[in-house]
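Have a look at the structure below before the remarks.
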Ligand code: TRP
């Protein structure tokens with residue numbers, strides 16, 4: 001079990017590879033499954049506006065912060081804080097990230113597994129002649145089955161492990177360069193189909209016309225949680241990817257591009273889904289079942305619906321895969337660099353422990369539904385605590401670290417590539433990480449968990 005040889009650290013090969021891998025991490029079930037139902041439950045257009053404000057004012061600066069921590073330290077999240085703040089407790093932020101990574105991967109890969117079941121169902125004609133009630137029963141009985149969800153989880157986890165085993169350049173970069181363009185094409189086709197349905201206009205209106213009376217403290221917390229989740233920030237995924245980025249990359253530019261791609265895909269997913277939802281007279285507030293119950297019902301009534309259903313669930317699976325690899329990579333980088341395991345051993349150990357956690361999350365909607373903590377089953381516990389608590393908390397600590405405890409000079413050097421790039425945004429960025437982001441995250445967070453009432 002020799003130590004890790006840092007001179008042989010893997011890295012991304014090209015600028016394009018960096019964008020594809022990072023956008024691949026960001027774009028995922030968060031955009032296509034989570035964003036539409038959270039938006040639907042939280043007032044449509046009004047939610048979108050709050051979301052965009054938080055994205056630009058907090059999301060992008062936090063992403064820049066993670067990229068720069070990673071690239072400066074050339075380490076996994078735990079190692080990064082140990083290098084940048086030797087002898088201090090900051091590495092615990094990295095540890096929290098590793099714990100979040102396990103929790104996210106558990107429920108996220110479970111949902112990714114459902115998409116495989118649904119791809120399979122489109123192939124065997126499983127939705128044919130089913131009423132919405134039948135589809136709801138079908139989804140519930142699938143989710144509560146004691147074997148199938150766990151099986152699909154295992155398949156998805158194995159695919160994720162296979163890519164991560166290939167390494168950063170030959171596994172992650174190479175595969176995302178193929179999957180991301182494909183995902184984009186599928187999404188555009190879905191949007192065109194949805195917009196050309198009769199009655200699509202009301203869906204577009206729901207998405208883009210804000211009703212501000214719908215905004216409450218919870219809306220803002222949900223939007224904040226969604227921005228963090230969607231950008232993959234707050235737990236060290238971006239620190240890890242940042243650590244594989246070349247020294248001549250413009251980190252601020254990368255953060256902006258990745259965030260814009262991510263936001264664009266979320267909006268496109270809204271355009272692919274809401275016009276269809278309204279065209280078929282369904283309430284946008286259907287919650288998380290939107291993707292797995294409502295949409296199959298809609299596909300079934302469309303001409304050529306099964307082709308679109310197949311494309312849609314394939315789109316989801318691809319989006320999920322480019323994200324699960326980024327989360328697994330965090331754990332693998334930690335295991336290999338901090339514990340000195342080989343990549344192969346690290347992948348094996350991470351995957352085996354994920355099997356236990358993930359299968360529990362999968363089955364917590366069925367046979368294990370009576371195991372509860374704080375009134376939540378394992379799945380909801382992982383889903384809610386990560387997005388609404390651990391990620392914002394991680395983001396808060398990351399900006400506090402850079403804003404108040406790390407030399408401003410070093411931050412500037414890292415963002416400007418030692419003075420070769422102009423960093424005109426620097427004072428704005430510094431003001432955000434010192435004041436705006438910490439205060440906003442704290443208020444939204446305390447309000448959301450009920451400790452502060454505004
Ligand atoms: N951002 C991804 C999505 O929207 C999910 C994801 C990948 C993630 N890595 C993460 C979420 C790290 C939080 C933290 O689907």
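Throughout, read-outs are computed from the coordinates displayed, never taken from laboratory work. Given the structure is predicted, the values throughout are model-derived calculations rather than measurements. Ideal geometry is used to build each Cβ from the backbone, glycine not excepted, and the neighbour counts take in all protein chains shown.
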Checklist entry - Hey, what angle do you get for helix 217-231 against the long axis of the chain, alpha-carbon based, 0 to 90 degrees rounded to 10? => result 70
Checklist entry - What's the Cα-based Rg to Rh of the range 239-392, Rh via Kirkwood? => result 1.03
Item to check | Angle in degrees between helix 45-54 and the longest Cα principal axis of the chain, rounded to the nearest 10 | outcome: 10
Checklist outcome for this item: Here P(r) for the chain, Cα-Cα distances in 10 Å bins, as whole percents, is 4, 22, 32, 27, 12, 3, 0
Checklist outcome for this item: To the nearest 0.05, the calculated FRET efficiency linking residue 372 and residue 95 through their beta-carbon distance, R0 being 22 Å, is 0.30
Checklist entry - Going out from 0 in 5 Å bins, what whole percent of all Cα-Cα distances in the range 311-387 drops into each bin? => result 3, 14, 16, 18, 19, 17, 10, 3, 0
Checklist entry - On a 0 to 90 degree scale, rounded to 10, what angle separates helix 174-195 from the longest Cα axis of the chain? => result 40
Next on the checklist: Let me check the size of the range 236-310 from its C-alpha atoms; what are the radius of gyration and Dmax in Å?
Outcome noted: 18.3, 52
Item to check | Reciprocal of mean inverse Cα separation for the range 20-94 (Kirkwood radius, Å) | outcome: 14.6
Next on the checklist: Starting from a Cα-only point model with no solvent, please compute log10 I(q)/I(0) by Debye for the range 107-250 at q = 0.12, 0.18 1/Å.
Outcome noted: -0.88, -1.41
Item to check | Residues residue 451 and residue 131, FRET efficiency given R0 of 35 Å [Cβ-Cβ distance, rounded to 0.05] | outcome: 0.20
Item to check | Exposure proxy ranking, count of Cβ atoms within 10 Å, fewest first, for 140, 66 | outcome: 140, 66
Checklist entry - Under a plain spin-label model, where a point goes 7 Å from the Cα along Cα-to-Cβ, how far apart in nm are residue 409 and residue 257? => result 3.1
Checklist entry - Hey, can you rank 207-216, 346-355, 17-26 by average C-beta count inside 10 Å, highest first? => result 17-26, 346-355, 207-216
Checklist outcome for this item: Expressed in µm² per second, the diffusion coefficient of the range 300-351 from the Stokes-Einstein equation, with Rh the Kirkwood radius over alpha carbon pairs, at 25 °C and 0.890 mPa s, is 187
